[in-house]
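Below: the structure, in structure tokens.
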């Protein structure tokens with residue numbers, strides 16, 4: 001499980017509950033739900049014969065925040081729902097879940113402590129950096145207004161609750177079930 005909350009908790013057994021931000025708004029709820037499953041919600045890594053998940057720092061706020069690179073076979077999946085600067089480790093991802101809180105311009109936090117990148121810029125940078133499929137997973141009010149006005153980014157798609165994202169690996173497939181926050 002990456003991040004989460006009441007509406008995104010999967011059914012079935014979990015091996016790990018990994019966080020991008022240990023100070024996020026839903027941290028109390030997430031920790032309670034993880035404990036109920038016998039897990040500790042934390043920034044960390046996970047590895048199995050089929051999948052490796054590693055945390056990577058992102059520029060977002062005044063405290064440490066992370067994204068994750070998931071590797072299955074030769075496929076790379078980047079989970080980076082919040083960042084101010086496009087993460088270098090996400091380059092050439094087969095699938096990237098990305099920031100879209102801002103639309104045409106970034107959202108800056110007070111006192112220069114970071115913020116949220118703009119969806120239009122994320123779209124352009126992701127295409128230049130070789131991301132093959134881009135899914136916006138952290139959709140903020142400016143982006144919702146743009147969607148309502150009929151605007152679309154130059155590259156990428158908006159995540160939808162319950163949609164499955166499949167990355168084909170020779171001889172197998174990696175299935176990710178997403179929820180847009």
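The residues of the range 78-94 that are surrounded by 22 or more Cβ atoms within 10 Å (Cβ to Cβ) and closer than 13 Å to residue 126 by Cβ, listed by number, are 78, 80, 83, 86, 87, 90, 93. One residue stands out among those in the range 15-26 that are surrounded by 15 or more Cβ atoms within 10 Å (Cβ to Cβ) and out of contact with any strand residue (DSSP E or B) (no Cβ under 6 Å at 6 or more places or on another chain): the one that is nearest to residue 66 (Cα to Cα), which is 22. Residue under question is residue 137, and the condition is that it be surrounded by 20 or more Cβ atoms within 10 Å (Cβ to Cβ), within 24 Å of residue 75 (Cβ to Cβ) and in contact (Cβ under 8 Å) with a residue 24 or more places away in the chain; does it hold? In short, yes. Tell me whether the range 61-68 contains one or more residues that are in contact with a strand residue (DSSP E or B) (Cβ under 6 Å, 6 or more places away or on another chain) and touching a residue at least 60 places away in the same chain (Cβ under 8 Å). Yes: one or more hits. If the condition is being over 19 Å from residue 166 (Cβ atoms) and either touching a residue at least 24 places away in the same chain (Cβ under 8 Å) or touching a strand residue (DSSP E or B) at 6+ places or on another chain (Cβ under 9 Å) (or both), then the range 93-110 contributes 99, 100, 101, 102, 103, 104, 105, 106, 107, 108, 109. Return yes when residue 151 is more than 19 Å from residue 59 (Cα to Cα), modelled with pLDDT of 95 or more, out of contact with any strand residue (DSSP E or B) (no Cβ under 8 Å at 6 or more places or on another chain) and not in a helix (DSSP H, G or I) and no when it is not. Criteria met by residue 151. Restricted to the range 27-53, and to residues there that are modelled with pLDDT of 90 or more, touching a strand residue (DSSP E or B) at 6+ places or on another chain (Cβ under 9 Å) and assigned to a loop (DSSP other than H, G, I, E, B), the residue that is farthest from residue 66 (Cα to Cα) is 37.
In the range 130-145, of all residues being outside any loop (DSSP other than H, G, I, E, B) and out of contact with any strand residue (DSSP E or B) (no Cβ under 6 Å at 6 or more places or on another chain), the one that is nearest to residue 20 (Cα to Cα) corresponds to 141.
The values are calculated or read from the model by the stated rules, or taken from the named source; none is laboratory data. In this text the structure is predicted, and so the values were computed from the model without any measurement. When we count neighbours, we look across all protein chains shown, and the Cβ atoms used for this are built from the backbone with ideal geometry, even at glycine.
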